[in-house]
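The values are calculated or read from the model by the stated rules, or taken from the named source; none is laboratory data. Remember, predicted model here, so these are calculated numbers, not experimental data. Please note: Cβ atoms are built from the backbone with ideal geometry, for glycine as well, and neighbour counts cover all protein chains shown. The area values use the complete protein model at the heavy-atom level, side chains included, leaving out ligands, DNA and RNA. Shrake-Rupley method; radii C 1.70, N 1.55, O 1.52, S 1.80 Å.
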Amino acid sequence: MLKEFKAFAMRGNVVDLAVGVIIGGAFGKIVGSLIDDVITPLLLKPALEAANLSHLNELTVFGTVKYGIFLSAVINFVIVAFILFLIIKGVNAAQQKEDAKPAPPAAPPADIQLLSEIRDILKRAN
């Protein structure tokens, strides 16, 4: 059972997934900080000033519904989705360039190759 687990854990897909999750988590923290600390305050500042509030947490309806935090989450989602769209679009463009390279011509069949060799021998003989 230990050998099976080791074979499973060391497969390329599992290791790639683990690396992707770790990098994704770190990237998520960077994007989250950018959104929470830079973009959201800039976008929601007019709403906060109109409501005479200083923090996003204070933006509420009926005193309990914190729609400021909800707006922050929606903005976060839209920006992360847009960034992922740009990354995937770039990867797809790179793959299309790689796929667009012409394939090397296929080798002629064995009988055609043999006939070509016979033709060349006959030409040298004459």
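With the convex hull drawn around the C-alpha atoms of the chain, the volume per residue stands at 250 Å³. Solvent exposure of the chain, expressed per residue, is 85 Å² of accessible area, with all protein chains present and a 1.4 angstrom probe. Each Cα pair under 8 Å and six or more residues apart adds its separation to the average, and for segment 40-126 the resulting relative contact order is 13 percent. Computed from point charges on the beta carbon alone (+1 for Lys and Arg, -1 for Asp and Glu), the dipole magnitude for segment 13-126 about its Cα centre is near 300 Debye. Here Lys123 sits with roughly 140 square angstrom of accessible surface, probe radius 1.4 Å.
Considering only Asn52, Phe82, Ala103, the residue lying farthest towards the positive end of the dipole of the chain is Ala103, judged by Cα position with unit charges set on Cβ.
Where does helix 110-125 land angle-wise versus the long Cα axis of the chain, in degrees 0 to 90, nearest 10? Rounded to the nearest ten degrees, it is 40. Could you check how much of the accessible area of the chain is carbon and sulfur, as a whole percent, using a 1.4 Å probe? With neighbouring chains kept in place, the figure for the chain is 69 percent.
If I fit a long axis through the Cα atoms of helix 40-50 and take the longest principal axis of the Cα atoms of the chain, what angle between them do I get, 0 to 90°, rounded to 10? Roughly 20 degrees, rounded to the nearest 10.
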